[in-house]
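Read through the structure below, which is laid out as structure tokens, and then see the notes.
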Amino acid sequence: MLSMVYGSTFYETAIILSLATVLGILGQRLRQPLVIMFLASGILAGPAGLGVIRNYEQIELLAHIGIALLLFIVGLRLDLNLIRTTGSVALATGLGQILFTSAIGFVIGLMLGLSLISAVYVAVALTFSSTIIIVKLLSDKKEIDALHGRIAVGFLIVQDIAAILALVALTTFGSGLAQGQSPITTTLSMALKGVGLLVGVGLLMRYVLPRLLAKLAQSQEMLVLFAIAWAVLLGATSESLGFSKEIGAFLAGISLATTEFRDLISAKLVSLRDFLLLFFFIDLGARLEWSAVGAQIGPSLWLSAFVLIGNPLIVLMIMGVMGYRRRTSFLAGLTVAQISEFSLIVGALGVALGHIPLETMGLITLVGVITISASTYMILYSQHLYKFLSPVLTIFERKDPYREASGDTLDPAGSVDAILVGLGNYGSGLAERLLERRMHIVGVDFDPQALEKWQARGVSVLYGDMADPELFEQLPLRHARWVVSTVRSKDVSLALLHLLQRSGYQGKVALTAADQREAILYEKAGAHVILRPFSDAAEQAADALTDAMDLLPQNVDWPVAFQEVRLRSGSAIAGQRLRDIPLRSLTGVSVLAVSRAGHVYYEPAPDFRVYPGDRIVLMGSPGVLKQAESLINQMEAVESAGRLERFEIADIPLDAGSAWLGKTLAELEFRQRYGVTVVGIRRGDERLTSPGPNERLLEGDRLIVIGTADRIGPLRRAESS
């Protein structure tokens, strides 16, 4: 049985995949990236473990195809626009970190006794961080669109470009010099070949690929097959010219990056890429010489400490000098606290070219295992780390962090109806509705473009992340009636609520819940209002699908038309009876039906009241239906909408000469005459809560009423008279 297993590539592959699956499940429980588990699978399946792997050639072939697809997708997704939108910080941080890390890493390598060429390879390997791992972690934490997330992705792209250039340099000079050619001859020869390759790919991009892809796109299977074939073919062509196959695959990706099919191809190939990369890491783990690796544990710990601590400090210093707050710099810096799969690829290439021994490759691999494992937890618990280190990090922040404060237009002393956190799609829609009601809002977001949009409309804005405790010092919390968060993140919402409670905020809080479980959690935590965009949208959609329009005749031999109008909450007719709405007298249009919460009211009576959210079916001549729609959703007058009077509770004593004595509440008609509501009556030591309409007022009673300030005053004067 064992001889059959060891003699069959299929059985070997089955065992390897089973090991990878089991270790992958363990990695998920430990919240570790699969890269580490795949390396562990290779070690376990290799000669240092179970000795399962015998046919290295097949695994190596799959590994090379996986690397080619990785570089192909990197080229396909290369978004230089992201570097431009994050401004100079992506270039400055990316290039600065590469320069300082490589220089310091080279010195550390020499101090650890490495040879000159090994120290160079180690220094280069230390500069690259894993774009795949970082993007995955930031996406899981919903921080990919945060300011530090955007900056991190920006300088990771810079690192990817630098990694490609490093591969070009190694294959260009390494292979040529290994054949005994002079540096000048090697440079000229490779330059000519490189120019020829670029020109050829450019011509194909201009005249062939767009038309070919348009025809192949009729079948997604053919489009994906072509993409794989194109990546492997250009990789093979590149290798035949003396470059690495990775360079050719990268160029293949760039050649398709400008087409409209890039996203489709990328999405289809990601799973295949991840599957094939499994074999690269397994092959790498299986080939490690543990007798040589054991001696590298000490040096790997020193280099790992530099990557885990030194790299974030480099980013902290660069971003601090550029005017960013320490929190943004720290969270962005944590993303470079590991080396990447590119580092391992560079090391493997160095071994293949004969530049470095297996011991150096083992050192790079150990540093990768240590830093990727540790940095994963650092990123997952970044908020806790920042909270602990925040006092020390002040030395990395300028007195005026102008980069993040430049968009602020906040007047801290002004009156505020609502502080609106998050100006995305849902937040922007909510802001529109609040402005329609003449409310004064302050917008908080970490997206400069969103802030510029609302700032141009005269809205006060503040640049920042509400998870940052320091931001609360700049908010007008003492003047705000509401703090409304449209961010759909449980951790951020609970942190926001905790920080508001700790800061002594006296107003009300509204949080946005993704589901019912979150809504219950927020209510228990103390939120006053729970916003449920998905639930509310689903309810409105269900109402729209059960409207009365489907019941109307399709063909009418008469000059009459039908139209459904949804009554907006700010409409002047909201809450009114149909008899009080001059719809027929002004436009000649009739209300045929009203759809409300899935129920249709046919031919509603004149006393039928309409409310926000109702869908009113109108019937009339085609020319006036639009006029009727405008009348229905005409907003209330500015004076009325902008008043926003606060309610007051008044305690009115009834003296012996009061005209109200001996009369019932129904006879006095407080609501109709004075616009106030009777809350209760104090009668000696007795409290009458919610008294009935037949309750008579007695001498010595104290009447408790609620109403707006402009109603309470006339009521007091009426009682005294």
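What follows draws every value from the coordinates through simple rules; no lab data is involved. Computed from a prediction, not measured in an experiment: that's the story for all the values here. Because the Cβ atoms are built from the backbone with ideal geometry, glycine has one as well, and the counts that use them run over all protein chains shown.
Here's how it looks for Thr708: its modeled amide H is under 5 Å from those of Glu648, which are all 5 or more places away or on a different chain.
Of the peptides 50-62, 213-225, the order by per-residue mean of other Cβ atoms within 10 Å, starting with the highest, comes out as 50-62, 213-225.
For the stretch 645-720, the convex hull spanned by the alpha carbon atoms encloses 78 Å³ per residue. If you average the alpha carbon positions of the stretch 350-377 and of the stretch 240-257, how far apart do those two centres end up, in angstrom? When both Cα centres are located, 24 Å separates them. Within a straight-line Cα-Cα reach of under 28 Å, Lys141 can be paired with the following lysines, leaving aside sequence neighbours fewer than 8 residues apart in one chain: Lys268, Lys387, Lys453, Lys490, Lys508, Lys524. Report note on the peptides 327-334, 261-268, 346-353: ranked by the mean count of other C-beta atoms within 10 Å, highest first, their order is 327-334, 346-353, 261-268. Across the stretch 238-248, rounded Karplus estimates of 3J(HN,Hα) from the backbone phi angles (6.51 cos²θ - 1.76 cosθ + 1.60, θ = phi - 60°) give 4, 5, 5, 8, x, 8, 7, 5, 5, 5, x Hz, Gly and Pro being marked x. Applying the Karplus relation 6.51 cos²θ - 1.76 cosθ + 1.60 with θ = phi - 60° to the stretch 614-631 yields 3J(HN,Hα) values of 5, 10, 9, 8, 9, 10, x, 5, x, x, 10, 5, 5, 5, 5, 4, 5, 5 Hz, where x marks Gly and Pro.
Near Val484, the amide H atoms lying under 5 Å from its own belong to Ile419, Leu420, Val421, Ala510; only residues 5 or more places off or on other chains count, and H is placed 1.01 Å from N. The phi-based Karplus calculation (6.51 cos²θ - 1.76 cosθ + 1.60; θ = phi - 60°) puts the 3J(HN,Hα) values of the stretch 29-42 at 5, 8, 6, 9, x, 5, 3, 5, 5, 5, 4, 4, 5, x Hz, whole numbers, x for Gly and Pro.
Sorting the segments 371-380, 571-580 by their mean number of nearby beta carbons within 10 angstrom, highest to lowest, gives 371-380, 571-580.
Considering only alpha-carbon pairs that sit under 8 angstrom and 6 or more positions apart, the relative contact order computed for the stretch 2-389 is 29 percent.
Annotation: amide H-H contacts under 5 Å for Tyr601 (H modelled 1.01 Å from N, sequence separation of 5 or more, or interchain): Val594, Ser595, Arg596.
For Leu313 and Leu301, the difference between the fully extended length at 0.36 nm per residue and the C-alpha to C-alpha distance is 2.5 nm.
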